[in-house]
Amino acid sequence: KGLGPSKAIELAKVAGSPAMSKRITRQIVLQGGVGALVRCKDLSAKDGAGANDSSKSSDEETKKEIRNRKTHSGMNEQQVEAMSFCLKKMAKDEANRGVMVQQKGIRLLSELYNLGASLMDASGGPDSKKGMWREDCAVALARIAISTNPQLYPQGSMLTMIRPLMWLFGDATHELHQFEAGLGLTNIASVDEDTRDTLVMHGAWSAATNLLAADNDQVKRVGVECLSNLVMCERSIMRLRESEIDIKLFIMFAKAEDMRTKLAATGALAMMTQDHEVAKAVATQHGMKELEDIKAKSGDPNVVTRVDMALANIKEALEAPAARNDPRFCNGRYIGK
């Protein structure tokens with residue numbers, strides 16, 4: 001009204017468009033939309049707790065209904081579903097993710113994810129709708145983890161994100177969501193050794209390894225990149241000392257045609273072989289010959305640098321006094337069992 005025909009036509013063209021939706025979502029986030037949802041969830045939880053306490057004396061309510069009401073935390077399924085969907089849409093725009101962290105979005109998403117899990121347990125089995133809002137929450141957490149600095153998360157937030165991201169590895173309905181979860185976990189694993197140790201302790205190594213069997217090459221690649229980031233911690237090194245399969249996987253992916261996969265795998269081999277026991281384990285898998293072949297066939301200087309580091313580490317390990325007395329090695333080479 002009062003805009004004039006040209007302005008009215010211009011606005012009509014963008015109304016309901018992805019661009020307008022993105023602008024509106026951005027304003028909702030900037031005006032404290034995530035914080036409002038957090039307060040809504042907290043208030044509902046208080047109301048739900050009171051309602052559940054009063055219901056204990058009711059003979060008319062069945063045990064299953066009581067359990068479901070407690071699980072809902074004062075919110076019905078429609079509210080949880082709507083919140084989860086909104087938060088996923090907000091996290092789609094990278095510009096919103098840092099603000100979402102500031103407004104306690106990680107805590108809210110983790111609680112809604114866990115609520116979906118408990119609702120599925122209370123209903124006695126899987127449910128596609130409840131599974132979908134779990135996926136919405138996990139995807140939103142993955143997107144936040146991809147492009148924000150994990151070191152700036154509120155204390156304890158990284159730990160609450162591990163389970164939802166790993167759940168996506170096996171239960172996501174779309175390969176894109178697996179890929180996003182892999183990127184998010186890879187970023188978290190880049191923080192420090194203590195974080196990597198915690199991730200491995202909670203099953204991140206096995207979860208990332210499962211991605212290597214995916215049909216999608218990008219999902220495989222992000223699995224290798226995640227494992228490459230997880231390598232440098234005590235739990236991973238202890239595992240690699242004993243695991244022929246893990247070492248064979250890294251050698252196999254070091255020969256991949258995809259350059260990013262090759263760089264991640266050769267980088268992991270360069271790092272893990274800094275440990276003499278792991279270096280000897282790589283040698284027993286004919287790792288030196290494999291690495292020399294990779295170097296000879298690769299014209300990429302970054303791959304060559306990583307391979308040279310791994311070969312130097314293996315040579316140093318095999319020339320150490322402990323290896324000299326090992327009949328499997330001779331003159332810095334593996335000669336067999």
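Miscellaneous remarks
- Within the option set THR160, THR209, being under 23 Å from ASP258 (Cα atoms) and not in a loop (DSSP other than H, G, I, E, B) holds for one residue only, THR209.
- Of the residues making up segment 256-274, one or more are surrounded by fewer than 16 Cβ atoms within 10 Å (Cβ to Cβ) and more than 22 Å from the chain's Cα centre (by Cα).
- Test: residue in segment 134-147 that is open to solvent by less than 50 Å² (accessible area, probe 1.4 Å), outside any helix (DSSP H, G or I) and either over 24 Å from CYS86 (Cβ atoms) or out of contact with any strand residue (DSSP E or B) (no Cβ under 7 Å at 6 or more places or on another chain) (or both): no
- Hey, ASP215 open to solvent by 30 Å² or more (accessible area, probe 1.4 Å), among the charged types (D, E, K, R) and not in a helix (DSSP H, G or I) or not: yes
- Subset tally (residues that are touching a residue at least 24 places away in the same chain (Cβ under 8 Å) and either touching a Cys at 6+ places or on another chain (Cβ under 7 Å) or assigned to a helix (DSSP H, G or I) (or both)) for segment 22-37: 10
- Qualifying helices (runs of 4 or more DSSP H) (wholly inside segment 238-303; at least 1 residues being more than 23 Å from ALA213 (Cα to Cα) and of a type in the set (A, V, I, L, M, F, W, C)): 259-272, 276-284, 287-297
- Note on segment 198-209: residues that are over 13 Å from PRO164 (Cα atoms) and either open to solvent by 40 Å² or more (accessible area, probe 1.4 Å) or of a type in the set (Ser, Thr, Tyr) (or both) total 4.
- Segment 154-190, residues that are open to solvent by 20 Å² or more (accessible area, probe 1.4 Å) and aromatic (Phe, Trp, Tyr): TRP167, PHE179
- GLN178 being at pLDDT 95 or above and in a helix (DSSP H, G or I): yes
The values are calculated or read from the model by the stated rules, or taken from the named source; none is laboratory data. Bear in mind the structure is a predicted one, so any value in this text is a computation, not a measurement. With ideal geometry, Cβ positions are generated from the backbone for all residues, glycine too; neighbour counts draw on all protein chains shown. Just so you know, the surface numbers come from the protein's heavy atoms only, side chains and all, with ligands and any DNA or RNA stripped out. Shrake-Rupley method; radii C 1.70, N 1.55, O 1.52, S 1.80 Å.
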